[in-house]
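**Q** Right, I'll just put the structure down here and ask away after.
The values are calculated or read from the model by the stated rules, or taken from the named source; none is laboratory data. From a predicted model like this one, the values you see are computed outputs, not experimental measurements. Here the Cβ positions follow ideal geometry from the backbone for every residue, glycine too, while neighbour counts run over all protein chains shown.
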């Protein structure tokens, strides 16, 4: 029998399929449509210290082979998560990965400190595509020094697995990955969305209420696969690949590029059962190919 088990840092996953943050809520929205315990791990929507109402509408627009979103990290805040959501999530027998974000390094550190020791949280994922208000709005994930410092501050308060989710909106993602590794990250996740805009030609204004948003879906997949490929050759940390994964073939591209796990985002909106379908497809592919262990496929596209 072929095994889909994989390991990313301290996390032992039964399958390499994760949910991408912000596309799966807190899991209960999908519970009636699929068996959540069939997931390799659940990455929930990003949490901030205080509740956020998000950006003004419109916040979503479909694009060719993808979509733009400008949700603005709408979430109920840390206290609500700890009191209402976490107790329910603790009943799931799969790794729970919590995405966190802040406007300052201190907010990220405060979140990590509050979450340290909470039963049921297997890892933190740093959403680095957020503006630092103390630095004039520069995104944490686009500045090497800022990124490294942020990861280091969170690492000081969090002993579990720490994932740095990188933005592709830079010249060289590899340099950012090295900075995250030096700061103490255990895993690199790539990629977050690509900035984009749609113009309403009738109103002659940007369609989204926030003017621009993050592009996701199949349109970004070739970019994401190339970045994962480059990261695999440049760093020794395990990689979670994501960006337009809609089916088994897409997931295999990321795994062969070097990802030990993959996350599905936009695909969940198109077909809520995308993840179990890919899981079954991966197992079928491996059995037909005579591959016993998923790790035989990780990085297979690289020259030996």
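**Q** Return the residue satisfying two criteria in turn: it lies in segment 178-206 and is farther than 27 Å from residue 274 by Cβ and in contact with a helix residue (DSSP H, G or I) (Cβ under 7 Å, 6 or more places away or on another chain), and of such residues it is surrounded by the most Cβ atoms within 10 Å (Cβ to Cβ).
**A** 180
**Q** Scan segment 90-115 for residues that are farther than 23 Å from residue 74 by Cβ and out of contact with any strand residue (DSSP E or B) (no Cβ under 9 Å at 6 or more places or on another chain) and jot them down.
**A** Within segment 90-115, 91, 93, 113 qualify.
**Q** Also: Examine segment 265-279 for a residue that is closer than 24 Å to residue 219 by Cα, out of contact with any helix residue (DSSP H, G or I) (no Cβ under 9 Å at 6 or more places or on another chain) and free of Cβ contacts under 8 Å to residues at least 40 places away in the same chain, and state whether such a residue exists.
**A** Yes, segment 265-279 contains a residue that is closer than 24 Å to residue 219 by Cα, out of contact with any helix residue (DSSP H, G or I) (no Cβ under 9 Å at 6 or more places or on another chain) and free of Cβ contacts under 8 Å to residues at least 40 places away in the same chain.
**Q** Then there is this: Quick one: would you say residue 6 is crowded, with 19+ Cβ neighbours inside 10 Å and either modelled with pLDDT of 95 or more or under 28 Å from residue 295 (Cβ atoms) (or both)?
**A** yes
**Q** Report, ordered by the first and then the second residue, all pairs with beta carbons closer than 7 Å, sequence separation of six or more or different chains, a first member in segment 290-301 that is over 10 Å from residue 256 (Cα atoms), and a second member that is modelled with pLDDT under 95 and not in a helix (DSSP H, G or I).
**A** 291/2; 292/2
**Q** Looking at 148, 209 in this structure, which one is surrounded by 18 or more Cβ atoms within 10 Å (Cβ to Cβ) and either touching a residue at least 12 places away in the same chain (Cβ under 8 Å) or in contact with a helix residue (DSSP H, G or I) (Cβ under 9 Å, 6 or more places away or on another chain) (or both)? First the steps, then the outcome.
**A** Values: 209 fails: surrounded by 18 or more Cβ atoms within 10 Å (Cβ to Cβ).
Going through 148, 209 in turn, just one is surrounded by 18 or more Cβ atoms within 10 Å (Cβ to Cβ) and either touching a residue at least 12 places away in the same chain (Cβ under 8 Å) or in contact with a helix residue (DSSP H, G or I) (Cβ under 9 Å, 6 or more places away or on another chain) (or both): 148.
**Q** Just for segment 119-157: of the residues that are assigned to a loop (DSSP other than H, G, I, E, B) and touching a strand residue (DSSP E or B) at 6+ places or on another chain (Cβ under 9 Å), which one is nearest to residue 26 (Cα to Cα)?
**A** 120
**Q** On to the next question. Residue by residue through segment 159-177, note down the ones that are closer than 23 Å to residue 97 by Cβ and surrounded by fewer than 16 Cβ atoms within 10 Å (Cβ to Cβ).
**A** Across segment 159-177, the qualifying residue is only 159.
**Q** Could you check how many residues of segment 97-108 are surrounded by 20 or more Cβ atoms within 10 Å (Cβ to Cβ) and in contact with a helix residue (DSSP H, G or I) (Cβ under 8 Å, 6 or more places away or on another chain)?
**A** Final tally of qualifying residues: 5.
**Q** Quick one: which strands (runs of 3 or more DSSP E) lie wholly within segment 1-117 and hold at least 3 residues that are within 19 Å of the chain's Cα centre (by Cα)?
**A** Here the list reads 6-8, 11-13, 17-19, 42-47, 66-69, 96-100.
**Q** When you check residue 1 against the structure, is it under 27 Å from residue 255 (Cβ atoms) and at pLDDT below 95, yes or no?
**A** For residue 1, the condition - under 27 Å from residue 255 (Cβ atoms) and at pLDDT below 95 - is met.
**Q** Follow-up question, since we're still on this one. From the set of residues in segment 41-58 that are in contact (Cβ under 8 Å) with a residue 60 or more places away in the chain and in contact with a helix residue (DSSP H, G or I) (Cβ under 8 Å, 6 or more places away or on another chain), which is surrounded by the fewest Cβ atoms within 10 Å (Cβ to Cβ)?
**A** Only one residue tops the list, namely 49.
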